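Below is one structure, written out as structure tokens; comments come after it.
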Amino acid sequence: MSKKAVPSADPKDEAACASAGSPAAAPINALLPNEGKIELHRKMVRIRRFEERSLRAYQSKKIGGFLHLYIGQEAVAVGCCSLMGPNDHVITAYRDHAHAIAVGMDTKALMAELYGKITGCSKGKGGSMHYFAPSLNYWGGHGIVGGQIPLGTGLAYAVKYRKLKGAAMAFMGDGAVNQGAVHEAYNLAALWNLPVVFVVENNGYSMGTSQDRSSAGPGLAQRAEAYGMNWGTCFGHDVYEVRATMDKFLTLAREKNLPSVVEIDTYRYRGHSVADPDKTYRTREEIEDYRRTKDPIQVFQAALLAEGVLTEALAEQINAEAVAEAELAAEFAEASPFPSVDDIQKDVYWEVDNPSQRTSQGRLFFD
Amino acid sequence: MAVLTYREAIRAALAEELARDENVVLLGEEVAQFHGAYKVSEGLLEKFGPDRIVDTPISEAGFIGMGVGASMLGIRPVMELMFWSFYSVAFDQILNNAANVRYMSGGLINCPIVIRGPANGGTNVGATHSHTPENVLANHPGVKVIVPATARDAKGLLKSAIRDNDPCFFLENTILYGEKGEVPDTEELIPLGLADVKRTGTDLTIVTYGRCVLHSLAAAEILEKDHDISVEVVDLRTIRPLDFDTVLASVKKTHRVLIVEEQKPFASVGSQLAYMIQREAFDELDGPIHRLATIDAPAIYSPPVETEQLPNVPRVLKAALAAVA
């Protein structure tokens, strides 16, 4: 686990982020209507059941390549994406299923993508690590550790250039913070006051290497100080806390073009990918302990039951619907056709896909 | 027609496109206050202001990646690399992100970025600053690669590249920046993927691009005068898309081919051309396809020897005589 477990560092600009008391009491949560709270819960459950179903499909060899599961981290993506306004944008790395569902992508298209089908969100051309939905301000889904962070900075640049009030959330794992491109992006964001929140989802392990064995210094978010950026930390098992913390930093980005780094302490129950036997670098007890005490879905369900927002019956109904949705997605994926060989060379060039508007000449493909 | 230097022609293309479309921005190291390391962008900051002409830190992976991200949202960034040699520190952003994002999103995302800067040897700056990566770039489906030889081509092709919706990599040449040429006074858009026969001839086709076009034209003059050999010089101008029809038509006319390129020979642009010519015009050839490339070693520093490492007029002459022998 992360060594950072310290209270949130408040941004230097206090005026923009006044909040006090428990995360549930923060205005961003307290003002949320019951239906909004239930929706947060429903999203987390839908993500969990989708991924559990995808794991079964992977084990029965319906899915190729890698499958990086988010199970255990759901409150992070759901909490962050629930704060998105019309000009806010999201980009993440290859553990990207949850963010896709959180922004509203259709689970049928997501499952079909895993199956490599033409009905997939990327027509079977991207796979698990490369989900995109520009119409939902979701820019992927990127396979190279840290490679998406300059892109996220560019989204923020575009928002600012257009003089829109919005922010980009650029997600990465704790392993990405040691990539040079991440630091270059930090520098640019701080230098040019770009509206971006860099979100470090710290699940404790960069693949199989713990934070202690990979990252120098007192904490991952604190590296923001080197660039004069605001930073903060919070626990990621409590969706209220994620929202309360991220709301502060998103507000600073949207209102004042102040970038920041937020490190969210979370945990994945499964291996780095499904191919990871997960037996060499952590104990079963560690996983079970987190699952028992900090499972984000259980924690939030208990909170909503205590608030009287959720009933046991409704919780069971949400779960049953999520199971059914995942099953339906798998059936849809199974029934869908694969892309054809002729599809391989589509979606490579805009010009080829829009032949009536082509201005170039000559051969674009070779054999 | 006005006579402009290659540098001025590029600057004019930038100025016209910046004026035409407010989504166009120019970013790069020293492009604004310093007026560009090679003075290409001189005057643009004063004309278009600091929101459009932006000095970046020395941080190619960061700022090129940022440009790619901004282009996904519809900005049309023109990113200057002080040298294309520095593409290696931004390789992931250029060839994983820019080249692949349209494909991996199933066609949902465009990346209308232009990355431009000089890519050449011959200036005694050693191996790190003398790369000519057009073959490496063109190896990636999804991208377009342009290597102009003249002022007119540089202007007309850059304007087309800026308006293109696919990522365009525009490779200039520090030695050509001062070369003058006629440029039309009226707006000219030269389509990408259209080769230009810079000299017509009947005995030998030289297929080339970039600065080697000038060497080839000079050699062709000598071949005509001293050897009575009529050389056709085909300037590809764009590597991908590739105007192979013009190459084929010339080969069918002359039946002999020399490819001249400032490239290391292994897996170069010429390698691909030679394959295509033999595959599609085998029966037209009266002899093997010849090639002149950079001598296969990292770029040497030693000034007089570097001249010999690269294609030059005497080397083209020698190679041409061998090709028609």
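Assorted remarks:
- Spatially proximal lysines relative to A:Lys346 (Cα-Cα < 18 Å; intrachain offsets below 8 disregarded): A:Lys117, A:Lys123, A:Lys125, B:Lys144
- Legend: mean number of C-beta atoms from other chains within 10 angstrom of residue C-beta atoms, peptide B:91-98, equals 4.
- Overall form of the stretch A:23-336 per C-alpha gyration tensor (a/c, 1.5; a/b vs b/c): rounded
- Span-rule helices in chain A, defined as complete DSSP H runs reaching 18 Å or more along the axis (Cα) with Kyte mean at least 0.0: A:148-161, A:312-335
- The residues neighbouring B:Asn110, those whose beta-carbon lies less than 11 Å from its own, together hold a net charge of -3 under the Lys/Arg +1, Asp/Glu -1 convention.
- Share, in percent, of DSSP beta bridges within chain A that are antiparallel, nearest 5: 10 percent
- Cβ charges +1 (Lys, Arg) and -1 (Asp, Glu), total dipole of the stretch A:133-246, debye: 500 debye
- Rounded to the nearest 5, the antiparallel percentage of DSSP beta bridges internal to the protein assembly as shown is 20%.
- Projecting the Cα atoms of A:Gln317, A:Tyr290, A:Met111 onto the charge dipole of the stretch A:23-336 (Cβ charges, centred on the Cα centre) puts A:Met111 farthest toward the positive pole.
- Legend: translational diffusion of the stretch B:2-183 by Stokes-Einstein, Rh = Kirkwood radius over C-alpha pairs, 25 °C, 0.890 mPa s; D = 153 µm²/s.
- FRET efficiency for B:Glu16 and B:Ile295, using Cβ-Cβ distance with R0 set to 30 Å, rounded to 0.05: 0.15
- Surrounding net charge for B:Ala322, when Lys and Arg each add one and Asp and Glu each subtract one, Cβ distance under 14 Å: +2
- Taking the Cα centre of the stretch A:23-336 as reference, the dipole from Cβ charges on Lys and Arg (+1) and Asp and Glu (-1) amounts to some 820 debye.
- Dipole of chain A, positive direction: furthest Cα of A:Val199, A:Asn354, A:Gly236, with charges on the beta-carbon: A:Asn354
- Check: the protein assembly as shown dipole with +1 on Lys, Arg Cβ and -1 on Asp, Glu Cβ, in debye: 600 debye
- Dividing the summed -39500 (n - 2.57) terms of all DSSP H runs of n ≥ 4 by the residue count of chain A sets its mean residue ellipticity at 222 nm at -13000 deg cm²/dmol.
- Between B:Arg116 and B:Met79, B:Glu80, B:Leu81, B:Phe170, the built amide H atoms are under 5 Å apart, and every one of these is 5 or more places off in sequence or on another chain.
- Taking each DSSP H run with n ≥ 4 as -39500 (n - 2.57) and averaging over every residue of chain B yields -10500 deg cm²/dmol at 222 nm.
- For the stretch B:225-325, applying the loop criterion from DSSP together with a ceiling of 12 other beta carbons within 10 Å to the chymotrypsin sites (Phe, Trp or Tyr not before Pro) yields B:Phe266, B:Tyr301.
- Loop-located trypsin sites (Lys or Arg not before Pro) in the stretch A:87-164, at most 16 other Cβ atoms within 10 Å (DSSP): A:Arg162, A:Lys163
- Under the combined filter of DSSP loop state and at most 15 neighbouring Cβ atoms within 10 Å, the stretch B:158-236 retains these GluC sites (Glu not before Pro): B:Glu187, B:Glu188.
- Here's the picture: charge each Lys and Arg Cβ at +1 and each Asp and Glu Cβ at -1 in chain B, and of B:Pro191, B:Ala9, B:Pro265 the one pushed furthest to the positive end of that dipole is B:Pro265.
- Cβ-based net charge around B:Gly74, under 12 Å, with every Lys or Arg adding one and every Asp or Glu removing one: 0
- Cα-based shape type of the stretch B:196-324, given that a ≥ b ≥ c are square roots of the gyration tensor eigenvalues and the cut on a/c is 1.5: oblate
- Part-to-part distance (alpha-carbon centres) for the stretch A:137-168 and the stretch B:18-71, which is given in Å: 19 Å
FYI, it's all coordinate maths here, none of it is from the lab. The structure displayed is predicted, hence computed values, not measured ones. As a convention, Cβ positions derive from the backbone with ideal geometry for all residues, glycine included, and neighbour counts pool all protein chains shown.
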